[in-house]
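The values are calculated or read from the model by the stated rules, or taken from the named source; none is laboratory data. Quantities reported herein were computed from a predicted structural model and do not represent experimental measurements. Don't worry about glycine lacking a Cβ; one is built from the backbone with ideal geometry, like all the others, and counts go over all protein chains shown. All accessible areas refer to the heavy atoms of the entire protein, side chains included, with ligands and DNA or RNA removed. Shrake-Rupley method; radii C 1.70, N 1.55, O 1.52, S 1.80 Å.
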Amino acid sequence: MEAFTKLNGMACPLPLSSVDTDQLIPARFMKRSRAEGYGGFLLHDLRFDEAGAPRPDFPLNAPERAGAQVIVARRNFGSGSSREAAVYALVDYGIRCVIAPSFGDIFASNAVNNGLLPAKVTEADGESLIAALEDGAHDMLVDLEDCRIVVGNLSVPFTVDPVWRTKLLNGWDDIDLTMSQADAIKAFVAADVQARPWAMPRRGG
Amino acid sequence: MALVAGPRALFDKVWDAHVVVQREDGQNLLWIDRHFLHEGSFHAFDKLKGRGAEVARPDLTFGIEDHYVPTRVRDLAKIDPAIRDMIERLRGNASRHHLKLFGLDDPGQGIVHVVGPEQGLTLPGLTIVCGDSHTATHGAFGALAFGIGASEVAHVLMTQTLWQKRPKRMRINVDGKLAPGIVAKDIALSIIAAIGADGAAGHAMEYAGSSVRALSMEGRLTLCNLSIEAGGRCGMVAPDETTIAYLRGRPFAPQGADFDRAAADWLALASDADAVFDKEVSLDGSGIAPIVTWGTSPEDALPITMAVPDPDKAGDPGRAAHIRDAIDYMGLKPGQKLTDIRVDRIFIGSCTNSRIEDMRAAAAVLAGRKAQVPGLVSPGSAQVKRQAEEEGLDRIFTAAGLEWVDSGCSMCVGMNGDLVAPGERCASTTNRNFRGRQGPGSRTHLMSPAMAAAAAVTGHLTDMRPLLKGRN
Ligand code: SF4
């Protein structure tokens, strides 16, 4: 996984609350293999009209936001379905950080597992960032070491779970870490069979 | 292993029993007792293949065909090849890794969150995960159950464990006798409306109080199912005699003396009397009315006797913007009475409301009446279907003009092609009224099965209480 330390990139305001994962990627696209790339499906039904033409008033479609790497949205971003494809769509589109006052829990952990930073800000700071972008700002600095976001003269703090922060800073993958615990797992299982004999599904059930 | 000194909540007791490793930074490696997979698991299996890894514990891993299965024709040769491919990929992965699969032909097939409990795979005190956010449903038994993403599914497949940070604890107390016709769906939507769709984010929820105790297992499953719509990591109800009675004799549950030993352990899981919660919310159960949603988030819920809100009267600008966007998408006007909203179709089904009690509640309203609009009724499992047919409920539905089909996720998410057409409005017993959830451009109103049945009978959103007068 690619490490995340500092990002200096184009930001796009998305002044919507509860952008759920059904919006981030509608279910009908989820049959595709990841190798095909999911970026084209990101926010598909908000970005495109019924005929498939880009909606000119949708923020990500603004020509000056082309190549956006950061999205600033309102509360409850990524609520809903656990589909990791929602994160694939963001990442494949080129987004590396989403800033919002609150996130769906499963979405946020999926994000971290794919190197995408879910940065939490207060509602007031979120509104200030959106206002700054809507006033014409483009570039945003997201510094994960300092947990700070800078756009123009505006500088606001953000929070992210410390464990997730470490994981992102180092680009760590959980599996290797877990494999190194094989002995602890073995010991747990041996004791657990005694403690909770009923926890095994009855054979031939 | 008691990791918390002093009184513990139900959640803590289950969590503590599963900690394999506790890291200084607060991350815990948890043992996972049950892992359910559906067709969407192919991304995770691709990761496994990429690493050349095997499934660590096939005996604790169960596949279920539900998200993409056809509900009208079961013959895969007759369905969209792209959908068939999804089902066949799961079959391929299950057979390659020797996993028990509840396939279309299995008498136990159904929606994963209906099948787990029905088969006795879901038990109190277990950790249960599935790549599906409504896994919280299984918490109705006092299991610690939560949805995970594909990377985590791959991790569980390879190690039967998962790194997790202990969430905060939140207790929802609902006390009082529910009014006649009021069901778990009304309680759940009332809670979400009160605390918001992210009100329980980062929290493990426990539902307590006399109204919850009085619910059947079916009702508790509905309640826990909707935990994720309040943002909760999981939702739990402490095991009691209702739980034990439900589980006795289930195929995968312990039997005989083993069961009695288990039952004693399960009853001891209830939160200690002086357990402390990070957040507590209380609701008066006796004051709950039938609830419907009007907007595009489950928090957009109101009693059926009320009207569509006016964005100009909403306190903060974010909320006002949401209301404006939502009613624009839904094709509604501020101040419009909820009972004046006409519907184009109804759907009764999904892991929220497709169990036998739900079928009975809908049939009680529909018996001897005709539906004014088309509708689909999809039982939650093949077993629910058989039982409903034995009770003659299917004939009530079809006599009313509704379609009675096979089990699957169906019109909850439309992956199998059961879609609500663009612009159409559906009264639905599902859990998500998101934009386009039931198909591009679809408009969804969430409600209980009896309320969906009432909407079918009148053609608009309707208070079902008068329709139940003199029945039951
Ligand atoms: S019925 Fe709907 S919510 Fe439930 S598991 Fe299926 S798709 Fe998910």
_So, in region B:29-86, how many residues would count as being open to solvent by less than 10 Å² (accessible area, probe 1.4 Å), closer than 15 Å to B:Leu162 by Cα and away from the ligand (no atom under 16 Å from the Cβ)?_
7
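Say we look at region B:242-275 and pick out the residues that are closer than 20 Å to B:Ile356 by Cβ and charged (D, E, K, R); which of these is nearest to the chain's Cα centre (by Cα)? First the steps, then the outcome.
To start, the set of residues in region B:242-275 that are closer than 20 Å to B:Ile356 by Cβ comprises B:242-253.
Filter again for charged (D, E, K, R), leaving B:248, B:250.
Numbers: B:Arg248: 23, B:Arg250: 20 Å.
So, considering only residues that are closer than 20 Å to B:Ile356 by Cβ and charged (D, E, K, R), the one nearest to the chain's Cα centre (by Cα) is B:Arg250.
Every residue, every condition in (1) on the phi > 0 side of the Ramachandran plot; (2) away from the ligand (no atom under 16 Å from the Cβ); (3) surrounded by fewer than 24 Cβ atoms within 10 Å (Cβ to Cβ), yes or no:
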residue	(1), (2), (3)
B:Arg395	no, yes, yes
B:Gly417	yes, no, yes
B:Arg432	no, no, no
B:Pro440	no, yes, yes
B:Met451	no, yes, no
*asked:* Conditions first: (1) surrounded by 24 or more Cβ atoms within 10 Å (Cβ to Cβ); (2) under 18 Å from A:Gly80 (Cα atoms); (3) away from every other protein chain (no Cβ under 11 Å). B:Ile187 passes all but one, so which condition is the exception?
replied: (2)
*Is there a residue being away from the ligand (no atom under 16 Å from the Cβ), within 14 Å of another protein chain (Cβ to nearest Cβ), more than 14 Å from B:Ser190 (Cβ to Cβ) and not charged (D, E, K, R) anywhere in region B:334-347?*
no
_Inter-residue pairs, beta-carbon under 7 Å, first among the hydroxyl-bearing types (Ser, Thr, Tyr) and surrounded by 12 or more Cβ atoms within 10 Å (Cβ to Cβ) and in region A:169-196, second in a helix (DSSP H, G or I) and at pLDDT 95 or above, 6+ apart_ = A:Thr178/B:His155; A:Thr178/B:Thr159
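Would it be correct to say that B:Asp463 is more than 16 Å from the ligand (Cβ to nearest atom) and in a loop (DSSP other than H, G, I, E, B)?
Details: more than 16 Å from the ligand (Cβ to nearest atom): yes; in a loop (DSSP other than H, G, I, E, B): yes.
Yes; evaluated as a whole, the condition is true for this residue.
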*So, of the residues in region B:114-136 that are more than 20 Å from B:His43 (Cβ to Cβ) and in a helix (DSSP H, G or I), which turns out to be nearest to the other protein chains (Cβ to nearest Cβ)?*
B:Gln119
*Hey, which of the helices (runs of 4 or more DSSP H) in region A:82-139, taking only ones fully inside, have at least 3 residues that are of a type in the set (Gly, Ala, Ser) and open to solvent by 20 Å² or more (accessible area, probe 1.4 Å)?*
A:123-134
*Check on B:Gly423, surrounded by fewer than 22 Cβ atoms within 10 Å (Cβ to Cβ), in a loop (DSSP other than H, G, I, E, B) and either within 14 Å of chain A (Cβ to nearest Cβ) or in contact with an Asp or Glu (Cβ under 9 Å, 6 or more places away or on another chain) (or both)*: yes
*Test for B:Gly139: is it closer than 23 Å to B:His203 by Cβ, within 16 Å of the ligand (Cβ to nearest atom), within 23 Å of the chain's Cα centre (by Cα) and within 9 Å of chain A (Cβ to nearest Cβ)*: no
